[in-house]
Structure formats: C-alpha cells, structure tokens
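Notes for the one structure printed next.
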Amino acid sequence: GPSKSVVIKLATLFSLDSFAGGLVVNSLLALWLFKRFDLSLAAAGSFFFWAGLLTSLSQLVAPYLAKRIGLINTMVFTHIPANLSLIGAAFAPDIETALGLLLLRSLLSQMDVPARSAFVMLAVTPEERAAAASFTLVPRSLASSLSPTLGGALFTTGFFALPLVGCGVLKIAYDLMLWRAFRKFEAKN
C-alpha cells in the first residue's frame, strides 16, 4: 500500500534493535554475571525477578509518557539511557553497581514496546495495519534469532563485557537513526 516505504524502513530499524538485543539475552547476561562477579544462582534468580517486574512496570508507564512527549520521543528518550546503563554495567567495578545499572535498564528499556506498536499503526493507513504489524514483527524475530550465537562467541574474546557494549552501542545507533528518520513524521500525523 501507500505506506510501503515507511514500513520497510521501520522493519529494517526494528530488526537492528532486535539483533542488538539478542546479543544480551537473559541466559548470556546470567553467564556474564556468573563469570564477572561470581553471582550465585539464587541471587541471579532474584535479580531476574526484579528485572522482569520493572520491565512490566515500564510498559505500563509508557502510554502516559507517550501522551506527554510523543511516541518517537518515548521510544528514543527512554531507550538511550537504558542502553547507556547497559554499557555502564559492563564496566561496573562491583556487583551492586552492575545490578543497579541493569535494574535501571530494565525500568527504561521496554517503554519503547507499546510506543513502537502504536507508532506502526499511526504510520500506516487503517487498511494496512495488519500487514504492517506482521511485516515489522517477522524480521525482528529473525534478527533476534541470529545474534545470541554471536553474543556467545563474543564472550570467548576474553573481554566478557563485549556483548553488553555491542548491544548498547547498536541499540543507541538504532535510536538515533529512528529519531532522525521519524521525529518529524509523528508531528505531521
């Protein structure tokens, strides 16, 4: 339909974001915490519980924030600090700092999910919505399935934080490209 170029651009950008996220899936993050800080299984379970709870909370807050600052700004202005937190955790001097930064990331990193879905629906005609949703989700799934293997391989380099840094840098690049491409688009619609 008439929104084809917008949907292709969004699908490409969303795939980059998803690929980056796959570098630090929870299993690899747990491995990093075990290797870097000798975190116990019980402590890891507690951390992932709280991280999941904060992630859920962030998705509930996102619509209110989007109403105030817009969908694109919600996606970008919460995602960049979340990914700076991830990069900061990679260099944290102790477990408390690392877990604090990772929990902050959890609180901020998923605010883009509801905003992203809403933006896709805003960017296309009503007739294109189902196809646009599918076309932007399928490449995301494919991209996220490729990167955990790379994330695991990056651990073998000896710099265990490389997947965290790579994920954060790629996600910030995605945020900046998304903001540059669509910041004016939302204002027009």
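Miscellaneous remarks
- Check on Thr97, closer than 18 Å to Ala51 by Cα and free of Cβ contacts under 8 Å to residues at least 40 places away in the same chain: yes
- Test: residue in region 142-162 that is of a type in the set (Val, Ile, Thr), outside any helix (DSSP H, G or I) and either without any contact (Cβ under 8 Å) to a residue 40 or more places away in the chain or farther than 30 Å from Phe37 by Cβ (or both): yes
- Residue that is within 19 Å of the chain's Cα centre (by Cα) and modelled with pLDDT under 95, where the choices are Gly152, Gly166: Gly152
- Sole exception among (1) open to solvent by less than 40 Å² (accessible area, probe 1.4 Å); (2) under 22 Å from Ile8 (Cα atoms) for Pro126, by number: (1)
- Looking at Phe19, Phe47, just one residue is in contact with a helix residue (DSSP H, G or I) (Cβ under 7 Å, 6 or more places away or on another chain), surrounded by 16 or more Cβ atoms within 10 Å (Cβ to Cβ) and over 30 Å from Phe119 (Cβ atoms), and that residue is Phe47.
- Note on region 1-76: enclosed helices (runs of 4 or more DSSP H) holding 2 or more residues that are without any contact (Cβ under 8 Å) to a residue 40 or more places away in the chain and over 24 Å from Leu146 (Cβ atoms) are 4-22, 41-69.
- Within region 163-189, the set of residues being charged (D, E, K, R) and closer than 30 Å to Phe37 by Cβ comprises Lys171, Asp175.
- Verdict on Leu57 being farther than 24 Å from Leu137 by Cα and surrounded by fewer than 19 Cβ atoms within 10 Å (Cβ to Cβ): no
- Criterion (surrounded by 15 or more Cβ atoms within 10 Å (Cβ to Cβ) and touching a Gly at 6+ places or on another chain (Cβ under 9 Å)) met by exactly one of Leu31, Leu103: Leu31
The values are calculated or read from the model by the stated rules, or taken from the named source; none is laboratory data. These numbers come from a predicted model, not from an experiment. Note: ideal-geometry Cβ built from the backbone for every residue, glycine included; neighbour counts use all protein chains shown. Side chains included, ligands, DNA and RNA excluded: accessible areas come from the protein's heavy atoms. Shrake-Rupley method; radii C 1.70, N 1.55, O 1.52, S 1.80 Å.
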